[in-house]
Amino acid sequence: MAVKSRLRILPDGREICSGYQWEKRKKELRERAGGMCESYLLPECQDSTVDGRWQQGLEHKSHFIGDNGDPHHIVKRSKARDDRLCNLAWICRPLHIAIDNRKIGGRKGNPNR
């Protein structure tokens, strides 16, 4: 059975990709990243102040990962799915597990389970 390929643009501008269109978007994301982990795009990796208290972000330096990365939705898919490049970051698997230890990319996030 063939996988449906679709790019749906919602009235608010969000995009939802499936099948070939999702694979194409991931390729665009890898090319934008130039093989680097884009941890600098993530709020979890930035220092911030929450409710007047200082909070240090995850310490994670950008490094070369090539094609061995995962697409990560900056605004979670469960809140408002948006597959536009501006809402995606190409990050390494260890960081992806640290941020979101659920099922990642069709695989269990924690390989030690």
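The values are calculated or read from the model by the stated rules, or taken from the named source; none is laboratory data. Here the structure is a predicted model, which is why all the values come from computation and not from measurement. Here the Cβ is made from the backbone with ideal geometry for all residues, glycine too, and neighbour counts use every protein chain on show.
For the range 17-38, give me each residue that is part of a loop (DSSP other than H, G, I, E, B) and among the charged types (D, E, K, R).
Residue satisfying the conditions is GLU38 alone.
Just a yes or no: is a residue in the range 79-93 in a loop (DSSP other than H, G, I, E, B) and modelled with pLDDT under 95?
Scanning the range 79-93, I find at least one residue that is in a loop (DSSP other than H, G, I, E, B) and modelled with pLDDT under 95, so the answer is yes.
Looking at (1) of a type outside the set (Phe, Trp, Tyr); (2) within 22 Å of CYS92 (Cβ to Cβ); (3) modelled with pLDDT of 80 or more, can you tell me which one ILE9 breaks?
Of the numbered conditions (1) of a type outside the set (Phe, Trp, Tyr); (2) within 22 Å of CYS92 (Cβ to Cβ); (3) modelled with pLDDT of 80 or more, the odd one out for ILE9 is (2).
How many residues does the range 28-62 hold that are at pLDDT 90 or above, touching a strand residue (DSSP E or B) at 6+ places or on another chain (Cβ under 7 Å) and more than 21 Å from CYS17 (Cβ to Cβ)?
Looking only at that region, the number is 4.
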